[in-house]
Each structure stands twice: as C-alpha cells, then as structure tokens.
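One structure, as structure tokens, below. Some questions next.
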Amino acid sequence: MQIGTRWAVGGEQPRAVPTAMRAAIDDEERTLVELGADTSSWRWTLTFLEGLPVVELDDGTTIRLDGDDVLVTREQ
C-alpha cells in the first residue's frame, strides 16, 4: 500500500513523484505564475490509483502517467 501526500504549489515535490511527472508539475506552476494566479493556499495531492501515481491540484488540474506519456487534464 502506498500513502499519498500533499505539498504547496512552488514547494519541494515529494520523492515519490515520478521523474516523468515532475516536468509537467513545473510547467503547470510556471503557467499559473504567468497568469498571475494567487496560488498561496493551493496544494498538490499525490495519490495512487491501482498502484499508479495521480497528482491533482486544488483547481482540478490532474496529472497521470499513461505508459511513458504524461497526461495533463484541466477542469473547464
């Protein structure tokens, strides 16, 4: 069993976040800065669904692995 964790936007990512997902998280955070979003209270949540990592931001942005690909979805 793997337990998830939370961390602040702009904070250090937990070691359990796969390398492939780290760049996508960094890209999302850069975009938020460029948009001027106030993310001071926002957090990322890392969970594991059927053993696979899922990272979700408080605004609903979700990052998942699909084989070697990283999928980013945003709530509309």
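What follows is calculated from the coordinates using simple rules that are stated; it is not laboratory data. Remember, predicted model here, so these are calculated numbers, not experimental data. Note: ideal-geometry Cβ built from the backbone for every residue, glycine included; neighbour counts use all protein chains shown.
With a cap of 12 neighbouring Cβ atoms within 10 Å, and only residues DSSP puts in a loop, list the trypsin sites (Lys or Arg not before Pro) found in the stretch 13-42.
15
Ok, one more. Given points 7 Å out from each Cα along the Cα-Cβ axis, report the residue 74 to residue 40 separation in nanometres with one decimal.
2.3
Moving to a separate point now. Roughly what angle does helix 19-35 make with the longest principal axis of the chain, taking Cα atoms, 0 to 90 degrees, to the nearest 10?
That works out to roughly 20 degrees.
Now for a separate question. Percent of alpha carbon pairs in the chain separated by more than 19 Å?
Of all Cα-Cα pairs in the chain, 28 percent lie more than 19 Å apart.
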